[in-house]
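What follows is one structure encoded as structure tokens, with my remarks underneath.
The values are calculated or read from the model by the stated rules, or taken from the named source; none is laboratory data. Note that this is a predicted model, so its numbers are computed, not measured. All Cβ positions, glycine included, derive from the backbone under ideal geometry; neighbour counts span all protein chains shown. Ligands, DNA and RNA are stripped out before the accessible areas are found, and what is left, the full protein with its side chains, is counted by its heavy atoms. Shrake-Rupley method; radii C 1.70, N 1.55, O 1.52, S 1.80 Å.
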Amino acid sequence: MPIFFLHFVEKNSIFSELLQQGKPASAHHPQSRMAHSSSQQHPHLFSNDSDSTDALEQAAVPDSDEPPPASAPAANKKEKHRKEKRFKGIPASSGIAIGKAVILATEAIAIKDTLIPEERIDTELERFAHAVQECTQELHRIITMANDEAPVAAPILEAQLFILNDPTIAEMIVQRVRKCYYAESAVQEVFDSQQAILRHASDSYLRERAVDLDNVKQRLLNFLTGRNTVTTTQAEGIVITESLTPSDVMLFRKSGMTAFGTETSGITSHAAILSRSLGIPSVVGLANICKRIQSGSTVIIDGYAGIIIANPLPDTISRYEQRIEDLAHHARKLGKLAHLPSQTSDGRKVHLFANADSPEEIELARASGAEGVGLIRTELQILTHNFVPDEDEQTTFYKELAERAYPLPITLRAFDIGSDKSFGLIANEPNPALGLRGLRFLLKNKAVFTAQLRAILRASCHRNVRLMLPMITTVQEFQKALQWVEECKAKLKENGEEFDTQMPVGAMIETPAAALIARELGALADFFSIGTNDLTQYTLATDRMNASTTQIYDTFHPAILRLLKMIVEAAHFNNIPVAVCGEFASHAAATELLIGLGIEELSVAPSSLLEVKKRVRKASFAQTKQLAGESLHCSTGSEVRKFLTSGTS
């Protein structure tokens, strides 16, 4: 298998269907902004004008805990005769948008399978080389856009450049053309054959990369078949499609997209994460939604509740327009919170940190009043470089992050490699999620681990760096890692390097084993940070990326809450701070619960900081303790949520 497959990261596609004219209203997260400009035509997507008469109606879904709706004016008269239909999906990015639906679906491209005369071979080779060049330039433009507007997307998009310009796959295509095949036929044959290999790989990471190959292939075929004509027009709309990639999100946003709904993907997909970073309301996991909504019809996307409403009634539009106004007012009020202390109404301090992956996100976090950076995912460097950076490169990167954060503390998580993030560094495993991952991988690869440890230590000279070790299951693992930290300190001291000799080293608690031995780990660690995403996944034995088990994956499950309580008690026993840095930390219904359980630090996306601070300042620590205590006695996750809703209303 060519080595380039081991570095595939995130799927992409060239696109941007001509969006429907109109000016939909929208409201996003308080910290978000929308950009509207010209659109591009998606070469392999087309508008689906099929009727939605076969749509499955859903019962009215309760609104979120955002400002309550009111009543108001009428909708477009042409749509009065259509029946309002509701579709339930998974909320991926909060916010509300009202506008015209743009239904996009994949259109097959006819490929010539006839042979060409030998004298045409050079022409076909030139066509292929030109396609690679043009697609590369297009990706450069998208990456520039991402660097300005969404730095978190840049490393993912840069992986596309690696794929497009990989010499191994290029040579395979060239050899195919030399056998008298058209360039597009050669591209399809080579990519399809490699996709087949990846689809049968035992490593889930490699299996997922088969989708990436399909998108790269589509990008090249679009150009080769002359279907990448760009149409420039002022347009806005709500995109409804089968799936989106980060480049799709970037370009559709540039075209004026105000929200999107997809049939596939989960809340942890790169497109969903990017939509949250950009403040674009989105709902995913909407089965067959492209066939159930008519293109051009009025739709409402509620990213809080995870629903799409097609042909909304006048009263429904009215309620949501009022909510949009309420949310805009809400956002203006939140801006005043940035410089207010994060403490409960009765004086309990709750530190608010930010999860960040770039210097730019650190700046945003500071502007929003963050007290530090609670999580830097250092493995994202591997996505950027397509290999593990050397010690000096890592040192430069970590120093820049530490200096941007200074004097605030910054927490660097050691490479969390493994499971769905093997980056080609781990041989095929029958069950990657339970194989080499996190600290297990690092202890098996001393050269990689110690180089990173030295780099982090060298970046700690300003005394504001903390190191966090991921995926711990035994005390021995943590002890060995601490021993290697001391060995690296000795080496740096011998070389005359300046570093923080007292740099805090913490344990990420994200497995049931770590939770159950938290008291013993706490005797060795300087702090705890709870990764609720993986803790939930491993405790409930459910893949959070699997749409079939979405209903099982529930961080409000009593088993998770009791483990959280156990971890907090162990931290307090050892007199060390304890934080939550998973998605649960920013969940609206979880803030009071976590405070009541004794969590002292919450680390969330920069865009969520002020909203979480508002909830912290509104809460009473005395009441949250009682709330948490009673929640621990519930027997199901739904009981917990119902109790929290009734207890906080």
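List every residue pair whose Cβ atoms lie under 6 Å apart, where the two residues are 6 or more positions apart in sequence or sit on different chains, the first residue falls within the stretch 435-457 and is modelled with pLDDT of 95 or more, and the second residue, located anywhere, is assigned to a loop (DSSP other than H, G, I, E, B) and surrounded by fewer than 24 Cβ atoms within 10 Å (Cβ to Cβ).
Here the result reads LEU457/PHE499, each pair linking the stretch 435-457 to a residue that is assigned to a loop (DSSP other than H, G, I, E, B) and surrounded by fewer than 24 Cβ atoms within 10 Å (Cβ to Cβ).
For the stretch 594-605, give me each residue that is within 30 Å of ALA150 (Cβ to Cβ) and either free of Cβ contacts under 8 Å to residues at least 12 places away in the same chain or open to solvent by 10 Å² or more (accessible area, probe 1.4 Å) (or both).
Within the stretch 594-605, GLU601, ALA605 qualify.
I'd like the full set of residues that are small (Gly, Ala, Ser) and open to solvent by 40 Å² or more (accessible area, probe 1.4 Å), limited to the stretch 328-342.
ALA328, GLY335
Taking the stretch 343-363 as the region of interest, how many residues are open to solvent by less than 50 Å² (accessible area, probe 1.4 Å) and either aliphatic (A, V, I, L, M) or outside any loop (DSSP other than H, G, I, E, B) (or both)?
Here the count works out to 9.
Just name the residue that is nearest to LEU380 (Cα to Cα) out of those in the stretch 113-148 that are within 26 Å of the chain's Cα centre (by Cα) and surrounded by fewer than 17 Cβ atoms within 10 Å (Cβ to Cβ).
ASN147
So HIS385 clears everything in (1) farther than 27 Å from ARG617 by Cα; (2) free of Cβ contacts under 8 Å to residues at least 40 places away in the same chain; (3) touching a strand residue (DSSP E or B) at 6+ places or on another chain (Cβ under 9 Å); (4) not basic (Lys, Arg) except one condition, right? Which one?
The number of the failed condition is (3).
Among the residues that make up the stretch 159-172, is at least one of them of a type outside the set (A, V, I, L, M), over 35 Å from the mean Cα position of the chain (by Cα) and part of a helix (DSSP H, G or I)?
Scanning the stretch 159-172 turns up no residue that is of a type outside the set (A, V, I, L, M), over 35 Å from the mean Cα position of the chain (by Cα) and part of a helix (DSSP H, G or I).
Can you find even one residue in the stretch 494-505 that is surrounded by 18 or more Cβ atoms within 10 Å (Cβ to Cβ) and under 17 Å from PRO577 (Cβ atoms)?
yes
Mind listing whichever residues of the stretch 445-485 are surrounded by fewer than 17 Cβ atoms within 10 Å (Cβ to Cβ), in contact with a helix residue (DSSP H, G or I) (Cβ under 6 Å, 6 or more places away or on another chain) and within 21 Å of GLY531 (Cα to Cα)?
Result: VAL475, single match.
Among the candidates LYS254, LYS179, which residue alone is modelled with pLDDT of 80 or more and either outside any loop (DSSP other than H, G, I, E, B) or within 30 Å of GLU124 (Cβ to Cβ) (or both)?
LYS179
Which one of these does CYS488 not meet: (1) farther than 26 Å from THR395 by Cβ; (2) open to solvent by less than 10 Å² (accessible area, probe 1.4 Å)?
Condition (1) is where CYS488 drops out.
Of all residues being touching a Leu at 6+ places or on another chain (Cβ under 9 Å) and open to solvent by 10 Å² or more (accessible area, probe 1.4 Å) in the stretch 273-327, which is modelled with the highest pLDDT? Just the residue, please.
The qualifying residue modelled with the highest pLDDT is ARG292.
Quick check on this structure: which one of ASP416, ASP420 is under 17 Å from GLN381 (Cα atoms), acidic (Asp, Glu), open to solvent by 20 Å² or more (accessible area, probe 1.4 Å) and at pLDDT below 95?
Answer to the check: ASP420.
Please determine, by comparing only the residues of the stretch 489-510 that are part of a strand (DSSP E or B) and of a type in the set (Gly, Ala, Ser), which one is nearest to LEU561 (Cα to Cα).
ALA507
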